[in-house]
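Written out below as structure tokens is the structure these notes cover.
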Amino acid sequence: MEENYLVICCTSTIAAICFVVLLIEVLQCQNKKVQKGTLRLPPGRRGWPLIGDGLIWYSAVASSHPSSFVEAQIKRYGRIFSCRLFGKWTVVSADPTFNRYIMQNEGRLFQSSYPKSFRDLVGKNGVITVQGDQQRKLHGIASNMMRLEKLKFHFLKDIQTVMLQTLNNFNDDKVIRLQDICRKVAINLMVNQLLGVSTESEVNQIAHLFSDFVDGCLSVPINFPGFSYHTAMKAREIIIHKITRTIEIKRQQPASEGHGVLGRLLDEDNLPDNVVADFIINLLFAGNETTAKTMLFAVYYLTQCPRALKQLLDEQDALTSNCEDCMLTWEDYKAMPFTQCVSLITHSSPMKKRLYVVILMLESSKQVIDETLRLGGIAIWLMREAKEDIEYQGYIVPKGCFVVPFLSAVHLDESFYKRALNFNPWRWMDPENQVKLTTLQPA
């Protein structure tokens, strides 16, 4: 019995060693091809055997300065360079022209590519991961849901209601955790808009489930109790069940009674229930994360720029002096060129009023929004994969190679923006920067 055990152990060890040796030889062969010019990848580093630059990459993007690794490589190799990430050759771009080229050729030359844990959680029919015609169809539906007319009559009123409910629970002497407030406002608004859910207990339950869901998006895909991936998949299962049950209820109601995006989606588009469920969970995920963090960053940057905060408050005060109630109209919104805040409480205390003004930066001035997204953008880098061999500026991006447009490195580049690390909303009033807004951002 003991001899058999030893034989099995020896055999497993030899097999593991052979696998590692073979893998190293394959990597070395690929290195030789690159050196000989058969692939002509952009210049760059090859990193450590097996792991490449993965550890350094994740350490940088998880830090307070995510673009540090990319900036160091730019100084050595230029704005387009190669390295080994995620077990594959990867071309990283901090070049705005190439970034736009990648996004403009989405679906034709490039396709989205995400880790298994992320793909499993957002679903195979998710607008984030689906490809081809289905992707274009779902993107069209999402854009249709945010048409100007619908923003005027649905979103504008709902967001004011959510903010009023949130601020009514505040006490003047209470310490407020801004991050928690932003998350609560965002999930409340998204659940209300997408599912028509408004009760506090349901919103709190979905908020808790989404916290588990988000934690597993970039986790190791081990579906076993105790691992983040397992917890996230369980949360997804419950969320999908809630969405499916809501779909069943909506289908039994007359079209005129449909509330929220889900109701309008079922009225307007002929999609299977499983596609609708994945679509909704994608919008919940994307909208909740981006909304909460954008509001949080906006408040943070405004506190560092008293001049911008004062101009925003002055504009608010000028409007409220002629306002008879606490609900703003679309005309009020458009009458605030610097702020354009969606709502304001006129009868609240000064502390609540000012917190309300700065917490709604998602709906604030275009200048503040643009500067917040430039300096503290949520999607600092994207993951794409080449669908075929692609030649660009004398280099070849091989089929199957990862391509990472690193947006943050462009936004924080001093050669594109003067004093790039400073929060300066007025930079977007400069015609030169207005042009950059259309040329540096992905299409």
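Summary of values
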item: FRET efficiency estimate (nearest 0.05) - Cβ-Cβ, His65 to Gln131, R0 35 angstrom; result: 0.60
item: Extension gain (nm, one decimal) between Lys116 and Asn270, 0.36 nm per residue minus Cα-Cα; result: 52.6 nm
item: For Val403, distant residues with modelled amide H under 5 Å away; result: Val91, Arg384, Glu385, Ala386
item: Pairwise label distance in nanometres, Glu414 with Thr329, each label 7 Å out on the Cα-Cβ vector; result: 5.0 nm
item: Carbon + sulfur, % of accessible area of the range 39-125 - ligands and nucleic acids excluded, 1.4 Å; result: 56 percent
item: Computed lengthening from Arg45 to Thr161, 0.36 nm per intervening residue step minus Cα-Cα distance; result: 36.5 nm
item: Simple spin-label estimate for Arg245 and Phe224 in nanometres, 7 Å along Cα-Cβ; result: 3.2 nm
item: Extension gain from Lys310 to Asp430, taking 0.36 nm per residue of separation minus the Cα-Cα distance; result: 41.2 nm
item: Virtual paramagnetic centre 7 Å along Cα→Cβ of Asn169, amide N under 17 Å, in the range 178-203; result: 178-193, 197-203
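The values are calculated or read from the model by the stated rules, or taken from the named source; none is laboratory data. Worth saying up front: this structure is predicted, and the values here are computed from it rather than measured. For neighbour counting, all protein chains shown are included, and Cβ atoms are generated from backbone atoms with ideal geometry for every residue, glycine included. Quick note on the areas: whole protein, heavy atoms, side chains included, nothing else; ligands and nucleic acids left out. Shrake-Rupley method; radii C 1.70, N 1.55, O 1.52, S 1.80 Å.
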